[in-house]
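Single-structure report; data block below.
Taken together, the values in this text are just the output of simple stated rules run on the coordinates, not laboratory data. Predicted model, so just to flag it, every value in this text is computed and none were measured. Note: ideal-geometry Cβ built from the backbone for every residue, glycine included; neighbour counts use all protein chains shown.
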């Protein structure tokens, strides 16, 4: 399996680079909150846990920066439900 490199584009996205392809998690920042808007992994990379790696990277960043998280992306919301150690980051709506 090819190694995954996660790149943070401050203020907007996390990219996962694998074997020449790229997955992306897009987010926005406002008033101390990170809104995870969209997670996308190309078909060639699906089934490898790459979307989960992107969500984990975003949540770890949010925790380190003291940000609350709004998981507007259905994938991110489901991932957080499956990984309750991150539930404390979810902002009250």
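Within region 36-45, restricting attention to residues that are buried (at least 17 other Cβ atoms within 10 Å of the Cβ) and within 13 Å of residue 18 (Cβ to Cβ), the residue that is farthest from the chain's Cα centre (by Cα) is 45. Of the residues screened, residue 58 is not one that is more than 12 Å from the chain's Cα centre (by Cα) and part of a helix (DSSP H, G or I). Annotation note: Cβ proximity below 9 Å between a residue of region 46-69 that is on the phi < 0 side of the Ramachandran plot and touching a residue at least 40 places away in the same chain (Cβ under 8 Å) and a residue that is in a helix (DSSP H, G or I) and crowded, with 17+ Cβ neighbours inside 10 Å (sequence gap 6+ or interchain) occurs for 54/76; 58/76. Inspect region 46-55 for any residue being buried (at least 16 other Cβ atoms within 10 Å of the Cβ), in contact with a helix residue (DSSP H, G or I) (Cβ under 8 Å, 6 or more places away or on another chain) and assigned to a loop (DSSP other than H, G, I, E, B) and give the result as yes or no. So far as region 46-55 goes, no, none of its residues is buried (at least 16 other Cβ atoms within 10 Å of the Cβ), in contact with a helix residue (DSSP H, G or I) (Cβ under 8 Å, 6 or more places away or on another chain) and assigned to a loop (DSSP other than H, G, I, E, B). Can you find even one residue in region 16-33 that is crowded, with 19+ Cβ neighbours inside 10 Å and assigned to a loop (DSSP other than H, G, I, E, B)? Within region 16-33, none of the residues are crowded, with 19+ Cβ neighbours inside 10 Å and assigned to a loop (DSSP other than H, G, I, E, B). Contact map, region 75-93: residues that are at negative phi and in contact (Cβ under 8 Å) with a residue 40 or more places away in the chain paired with residues that are surrounded by 12 or more Cβ atoms within 10 Å (Cβ to Cβ) and assigned to a helix (DSSP H, G or I), Cβ distance under 7 Å, separation 6+ or inter-chain. Pairs shown: 76/55. Among the conditions (1) farther than 12 Å from residue 11 by Cα; (2) part of a helix (DSSP H, G or I); (3) touching a residue at least 24 places away in the same chain (Cβ under 8 Å), the only one that residue 37 does not satisfy is (2). Hey, any hits in region 9-30 for a residue that's more than 14 Å from the chain's Cα centre (by Cα) and closer than 19 Å to residue 70 by Cβ? Checked against the condition, which is being more than 14 Å from the chain's Cα centre (by Cα) and closer than 19 Å to residue 70 by Cβ, region 9-30 yields at least one hit.
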